Amino acid sequence: AGTDWEDWFQKTFQDPSIDNKNALWFSCLLVEPETNAMAEMLRTTFSTMLELEHLLLFVPANTSEEEVTVLLQPFETHFQQLELASTFSPPAGHWAANSA
């Protein structure tokens, strides 16, 4: 049995190659889309955690597409958006539930 994020991730994306041994679940709320802050966090994370293969970035539901584009644009050659493998929807009150 994994952690909450692993259970949710596997139900949602069904990618067994990603687990708590090679991935870091990164949840961060930046008040303003700040590319330099994100760049520094990524640089520090990958330079201090050499065994890391995957960085999973949780983007809050209230973040606009424009803000996400501005924030992640410098990294689009290194990162990819994961496609949903199922329509699993966590129940209300679950940490990953849609806040809409």
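Before moving on, here are some points about what is shown:
- Candidate set: segment 26-51, residues that are at pLDDT 85 or above and either in contact with a Ser or Thr (Cβ under 7 Å, 6 or more places away or on another chain) or loosely packed, with under 11 Cβ neighbours inside 10 Å (or both); chosen: the one nearest to S86 (Cα to Cα): E51
Quick grid of which residues meet (1) at pLDDT 85 or above; (2) in a helix (DSSP H, G or I); (3) surrounded by 10 or more Cβ atoms within 10 Å (Cβ to Cβ):
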position: P16; (1), (2), (3): yes, no, no
position: L24; (1), (2), (3): no, no, yes
position: N62; (1), (2), (3): no, no, no
position: V68; (1), (2), (3): no, yes, yes
position: Q73; (1), (2), (3): no, yes, yes
position: T77; (1), (2), (3): no, no, no
position: Q80; (1), (2), (3): no, no, no
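The values are calculated or read from the model by the stated rules, or taken from the named source; none is laboratory data. Note that the structure is a prediction, hence the values are computed from the model and not measured. With ideal geometry, Cβ positions are generated from the backbone for all residues, glycine too; neighbour counts draw on all protein chains shown.
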